[in-house]
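Notes follow once the structure below has been shown.
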Ligand SMILES: *Cc1c(COP(=O)(O)O)cnc(C)c1O
């Protein structure tokens, strides 16, 4: 049966409560984990309803859909838009112009286009390197071994600000199995920082594994289904 998607403030509250509980059990400072609401494939009306419930950070995977929503919400101050999908070279200009963050940098060529295309009046584009950890078949991301060279290149780009790392591990069952790749990402960030970077952001954890990610140091969790329900289509 088809029904118009509806926003549930209770679902958003319960995700926020999960983050608070996980932050406490990890003995981390309150407020040290930001909630990114992943609104891909959801209509702008749902984003607007989430904004009314206090949500300010949104993640989009598809360039055209994302910029349409940014435009639809343009009258609302204080929103932050994060691009979290695979980025093609021919779509960098739209992303550089409309988004505040990119989580999925994995190629120097894409990074240099984004830096060149970031409008001069805008703040620097906040970027994360997507890292492909072991056992991730065929997705985007650099290997941990390639990360230092890309981090060095991106750090030198004038209109980008390298903030940290992001990963999308395959679904795993059980807290310990879920924590393993998140721990690897945190250790990779620590080793980059030991060589002179000052990275402060780990984007990791989704609807089914955000607790494991918070325990391993996530500073941004990306949550779609648990907030908005199942995506239409
Ligand atoms: C869709 C998506 C999410 C959200 O996933 P849910 O399981 O719906 O919470 C997070 N990150 C990325 C990169 C995504 O594509």
Next on the checklist: Given the DSSP H assignment, sum -39500 (n - 2.57) over each helix run of at least 4 residues in the chain and divide by its residue total; what's the result at 222 nm in deg cm²/dmol, nearest 500?
Outcome noted: -11500 deg cm²/dmol
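When you have a sec, figure out the Kirkwood radius of the range 169-219 from all distinct Cα pair distances and drop it here in Å to one decimal? Show your work: numbers first, answer last.
Numbers: mean 1/r = 0.0897 Å⁻¹.
Here the Kirkwood hydrodynamic radius works out to 11.1 Å.
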Checklist entry - In whole Å, what is the distance between the alpha-carbon centres of the range 159-173 and the range 197-233? => result 10
Checklist outcome for this item: When 39, 115 are ranked with the fewest other C-beta atoms within 10 Å first, the list becomes 115, 39
Checklist entry - Points 7 angstrom from Cα along the Cβ direction at residue 6 and residue 52: gap in nanometres? => result 1.3
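Could you state, as a whole-number percent, how many of the C-alpha pairs of the chain are farther apart than 29 Å? Show your work: numbers first, answer last.
Working: 6771 of 27028 pairs.
Taking all Cα-Cα pairs of the chain, the fraction more than 29 Å apart is 25 percent.
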Checklist entry - For the range 1-153, what is the relative contact order in percent, using Cα pairs closer than 8 Å and at least 6 residues apart in sequence? => result 14
Next on the checklist: For the pair residue 190/residue 13, report the inter-label distance in nm, with labels modelled 7 Å from Cα in the Cβ direction.
Outcome noted: 3.8
Next on the checklist: Starting from 0.36 nm per residue, how many nanometres of slack lie between residue 79 and residue 108 once their C-alpha separation is accounted for?
Outcome noted: 7.7 nm
Checklist entry - Any idea what % of Cα-Cα pairs in the range 62-131 are farther than 14 Å? => result 55
Checklist outcome for this item: Exposure proxy check on 82, 103: fewest-to-most Cβ neighbours within 10 Å is 82, 103
Next on the checklist: Just want the ordering: 204, 189, 157, from fewest to most Cβ atoms lying within 10 Å of their own Cβ.
Outcome noted: 157, 189, 204
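Only the coordinates and a few stated rules stand behind these numbers; no lab work does. Being a predicted model, the structure only gives us computed values, none of them experimental. A quick note on method: Cβ atoms are made from the backbone with ideal geometry, for glycine too, and the neighbour counts reach across all protein chains shown.
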